[in-house]
Structure formats: structure tokens, C-alpha cells
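Undergrad: Sharing a structure below in C-alpha cells format, with a few things to ask.
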Amino acid sequence: MKKYFFAACFATTVAASQLLAQGDPKATEVWSPVPKIVTPGKTAADAPSDANVLFDGTSLDKWVSTNDNTKPAEWLVKKGIMTVNKKAGNIQTKQSFTDYQLHLEWRIPKNITGEGQVRGNSGLFLASTGAGDLGYEIQILDCYNNTTYVNGQTGSVYKQAIPLANACKQTGEWQTYDIIWTAPRFNIDGSLKSAARVTVIHNGVLLQNNIELKGETTYIGAPSYKAHGASPIKLQSHGDPSEPISFRNIWVREL
Ligand code: MG
């Protein structure tokens with residue numbers, strides 16, 4: 001039996017190299033592994049069939065308070081959207097993630113006040129590594145006709161990477177983030193094995209092109225890494241006095 005198997009393999013290899021020698025395009029066709037079937041949503045914003053829907057507009061069941069992750073997330077859910085509750089602080093997913101594709105929609109209220117960083121400030125932490133603002137933040141801010149430091153504007157990796165464009169819609173409109181996150185990897189001794197990478201698309205416009213992160217976000221000083229594993233996704237309740245922002249339609253596909 002084995003003899004026939006090897007003979008068959010040899011014949012196949014010979015056949016393939018003969019095809020290659022003849023310049024046959026079939027010689028370079030690959031037929032497996034076959035990619036899994038994923039049924040897309042009606043629009044690019046809708047969750048595909050294999051997505052984990054983190055917020056469908058009805059409840060915060062998949063979220064907890066960051067300050068105390070045994071407590072529910074106490075943001076306000078109404079008419080299909082969730083709105084930051086500044087008194088409740090940051091919220092994060094119950095589940096932890098490593099590498100993923102994420103879709104999220106956010107809206108700065110039309111009546112927003114303030115300027116610079118004090119104008120609809122929130123943030124998406126791609127991996128929450130602890131309470132408060134620990135982790136890696138993609139900035140959310142009203143940057144439509146609002147000037148601030150460029151490594152802190154919408155779509156920046158906060159204080160680390162300037163976005164390639166300002167693609168903000170008018171204040172009051174819904175906006176989309178589509179993000180691809182590759183988590184950092186660490187050696188057993190805690191040293192960095194490979195840096196985190198992120199791609200950010202805002203309203204269909206590329207802002208971060210698979211850039212390498214220098215470490216976790218810090219408000220003061222240079223970013224650096226400290227070892228961690230799979231982590232929750234976190235949304236920021238910023239302490240500024242401007243009106244709270246809203247979110248809807250959040251889904252993730254683990255990679
Ligand atoms: Mg922020």
C-alpha cells in the first residue's frame with residue numbers, strides 16, 4: 001500500500017514539475033486549505049455571520065465596569081444606542097481578546113461644547129491592561145473644525161501616532177471605526193517578543209496603516225510595554241466636562 005502511495009506522490013510531483021516546465025498556469029494553482037465561508041452583512045457596517053456582537057443596541061450584557069469588573073457597565077442604553085455615563089467611568093468587555101477585527105460606531109452630540117481635547121473626548125482601548133486608562137488608546141474626539149495636538153486628534157494612537165488624515169464628519173453625525181489589531185507578544189521573562197500593530201479606518205478613510213506601537217498609551221512620558229495576555233476592549237468615559245458621546249453597532253471578529 002505504502003509503495004503505491006509513494007509512487008503516486010512521485011508521479012504527482014513529476015507531473016507538477018512537468019506542468020511547470022511546460023509553462024502551464026495550473027502548476028501554480030493552490031486548492032487548499034479552503035477559506036471558511038463567512039456571510040457578510042447587508043452593508044459593510046453590519047456584523048458578518050461569524051462576528052461576536054458586543055453591542056446590538058439593546059443591552060450592555062457583554063460589558064462591565066472597568067473600575068470594578070464584578071459590577072455591570074452603567075452607561076445609558078436607549079433607542080439602540082449607548083451613551084457614556086461620566087459618573088460610572090470606563091467600561092470594558094467581559095471577554096478578553098488577542099488579535100481581532102473590530103467595527104464600532106460613535107457620535108459626538110450636536111450640541112457639544114468645549115475645544116481642543118475637551119470636546120467629545122472618549123477613546124477606544126484596544127487592549128485594556130488595567131483599571132482607568134491603562135492600555136492602547138485610539139483617540140475619539142470631535143476634530144471637525146477643532147484643533148488640538150495632532151498625535152491626540154481623532155484616530156491617533158494617543159500621543160504615539162499621527163493619523164494619515166482627518167476624516168471627521170460633521171459634529172452630530174454617526175461615524176465608523178474599522179480596526180485591525182494585532183496584540184503584542186511577550187517572552188516568558190516578560191520582554192517584548194513582537195510589538196502590537198494596528199490598522200485604523202475612519203469613515204472609510206485609512207488613518208493608521210498597520211503601524212507598530214511603541215507601547216501602552218501614557219498621558220505623560222514615553223510609551224512602553226509591560227507583559228500581558230489576552231485583554232478586554234475598553235471604552236473611555238473621559239473626565240472632561242463636555243457632553244457625553246454615544247456608541248452603537250459594535251462587533252468583533254477574532255483572528
Ligand atoms: Mg481619549
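Undergrad: Report, by residue number, each residue of the stretch 212-247 that is in a strand (DSSP E or B) and crowded, with 18+ Cβ neighbours inside 10 Å. Talk me through it step by step, then tell me what you get.
TA: Within the stretch 212-247, the first condition is being in a strand (DSSP E or B), and the residues that meet it are 212, 231, 234-235, 246-247.
Passing the criteria: S231, K234, L235, S246, F247.
Undergrad: Next question, about the same structure. With the checklist (1) under 15 Å from R119 (Cβ atoms); (2) out of contact with any Ser or Thr (no Cβ under 6 Å at 6 or more places or on another chain) in hand, flag the one item N187 doesn't pass.
TA: Going through (1) under 15 Å from R119 (Cβ atoms); (2) out of contact with any Ser or Thr (no Cβ under 6 Å at 6 or more places or on another chain) one by one, N187 breaks only (1).
Undergrad: Starting from residues that are touching a Leu at 6+ places or on another chain (Cβ under 7 Å) and of a type in the set (A, V, I, L, M), keep the ones in the stretch 87-116 and report whichever is nearest to A167 (Cα to Cα). Can you show your working first?
TA: The first filter runs over the stretch 87-116 and keeps only residues touching a Leu at 6+ places or on another chain (Cβ under 7 Å), leaving 90-91, 93, 99-101, 104.
After this cut, where a residue has to be of a type in the set (A, V, I, L, M) as well, the list is 91, 104.
Working: I91: 26, L104: 15 Å.
My answer is L104.
Undergrad: All but one of (1) part of a strand (DSSP E or B); (2) surrounded by fewer than 17 Cβ atoms within 10 Å (Cβ to Cβ) hold for T176; which doesn't?
TA: (2)
Undergrad: Step by step: first the residues of the stretch 123-144, then only those that are of a type outside the set (G, A, S) and part of a strand (DSSP E or B), then the one that is nearest to T113 (Cα to Cα). Which residue is that? Working first, answer last.
TA: Here is the first cut: in the stretch 123-144, the ones of a type outside the set (G, A, S) are 124-126, 129, 133-134, 136-144.
Retained after the next criterion (residues that are part of a strand (DSSP E or B)): 124-126, 136-140.
Details: L124: 21, F125: 24, L126: 27, Y136: 26, E137: 23, I138: 22, Q139: 18, I140: 15 Å.
By that ranking, first place goes to I140.
Undergrad: Which numbered condition trips up T58, out of (1) in contact with a Phe, Trp or Tyr (Cβ under 8 Å, 6 or more places away or on another chain); (2) at pLDDT 95 or above?
TA: With (1) in contact with a Phe, Trp or Tyr (Cβ under 8 Å, 6 or more places away or on another chain); (2) at pLDDT 95 or above applied to T58, the lone miss is (1).
Undergrad: Of the residues that sit in the stretch 110-124 and are of a type outside the set (A, V, I, L, M, F, W, C) and touching a Gly at 6+ places or on another chain (Cβ under 7 Å), which one is farthest from the ligand (Cβ to nearest atom)?
TA: Selected residue: K110.
Undergrad: For K214, only one of the following conditions fails: (1) in contact with a Leu (Cβ under 6 Å, 6 or more places away or on another chain); (2) farther than 19 Å from I112 by Cα. What is its number?
TA: Failed condition: (1).
The values are calculated or read from the model by the stated rules, or taken from the named source; none is laboratory data. This one's a predicted model, so the numbers in the text were calculated from it and none came from an experiment. Cβ sites come from the backbone with ideal geometry, for glycine too, and all protein chains shown count toward neighbours.
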